[in-house]
1. If you roll a 1.4 Å probe over the heavy atoms of the protein chains, what accessible area per residue do you get for the chain, in Å²?
2. Counting only Cα, what are the radius of gyration and maximum Cα-Cα distance Dmax of the range 44-199, in Å?
3. At a probe size of 1.4 Å, how large is the accessible area of D108, to the nearest 10 Å²?
4. Taking the Cα centre of the range 52-199 as origin, sum charge times position over the Cβ atoms of Lys and Arg (+1) and Asp and Glu (-1), and report the length of that vector in debye to the nearest 20.
5. In whole Hz and in residue order, list the ³J(HN,Hα) couplings for the range 183-199 that follow from phi through the Karplus curve 6.51 cos²θ - 1.76 cosθ + 1.60, θ = phi - 60°; x for Gly and Pro.
6. Normalised by the residues of the range 119-199, what does the relative contact order come to in percent, with Cα pairs under 8 Å and at least six apart?
7. Do any trypsin sites (Lys or Arg not before Pro) in the range 34-84 lie in a loop, going by DSSP, with at most 14 other beta-carbon atoms within 10 Å of their beta carbon, and if so which?
8. How high is the relative contact order of the range 75-177, in percent, with contacts defined as C-alpha pairs under 8 Å that are six or more residues apart?
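The values are calculated or read from the model by the stated rules, or taken from the named source; none is laboratory data. Worth saying up front: this structure is predicted, and the values here are computed from it rather than measured. Here the Cβ positions follow ideal geometry from the backbone for every residue, glycine too, while neighbour counts run over all protein chains shown. Ligands, DNA and RNA are stripped out before the accessible areas are found, and what is left, the full protein with its side chains, is counted by its heavy atoms. Shrake-Rupley method; radii C 1.70, N 1.55, O 1.52, S 1.80 Å.
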Amino acid sequence: MDQLSFFDDPLPLETVPAAVPYHDRSVVFFGIRLPELAPDAAEVCRMLRRSHGLTGRAYGEDRLHVSLLRVGDRDKLSDADIDALRRAASQVRVTPFPVSFELVMSYDGHARRDSRPAVVFPVADGAAEIIALARDIEAKLHRRLPIEGEAPPSPHMTLLRDRIRVPLTALDPPFGARITGFELICSHRRSHTYETLWA
């Protein structure tokens, strides 16, 4: 997703040499992890392999999530910046709410020109609450430090990436979860792992 936010009097970030290769970057973001949906996601993955011939590697349960707010590259954030993110996150109160996933489709919203589009589950019920939660986090960060993201216009959970496109497909049955909180996460692209920085 193309994301941009504007802040008054942003505090300077530590800078590092530019042009860090894409796959060597580690990206910090706020998100909702959903490992409990791994069995449902795996079943959909098997269905798509049979029906569409997908070969991409499915995300493991430790990477299933709905993004809330991208912060930026970890190398450009100081330890003080991370502490400020943690303090801001601790001020956000989450009223539990349900989310449901009823569809699966290919999504080009954050694909690079030569990359494989993501195959995602758009959020059905719960999308408005997710957007409101992201905006609440963003409001708590206001004036503390500049970030790269904004509330997601189309909340979703990514299943995998594949060059084969998946048309909008209804899930039978749909599935979902109850959201009770969120995390500050560092995505290490090289190792395809997530590190929890705050929860």
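1. On the way: 10380 Å² over 199 residues.
Averaged over the residues of the chain, the accessible area is 52 Å².
2. 16.4, 50
3. 80 Å²
4. In debye, rounded to 20, the range 52-199 gives about 340.
5. Here the 3J(HN,Hα) series is 9, 9, 10, 10, 8, 8, 5, 4, 9, 6, 10, 10, 10, 7, 9, 6, 8 Hz.
6. On the way: 63 pairs, mean separation 23.3, N = 81.
After rounding, I find 29 percent.
7. On the way: sites: R46, R49, R50, R57, R63, R70, R74, K76; in loops: R57, R63.
Qualifying residues, ordered by number: R57.
8. Values: 147 pairs, mean separation 39.9, N = 103.
Relative contact order, the range 75-177: 39 percent.
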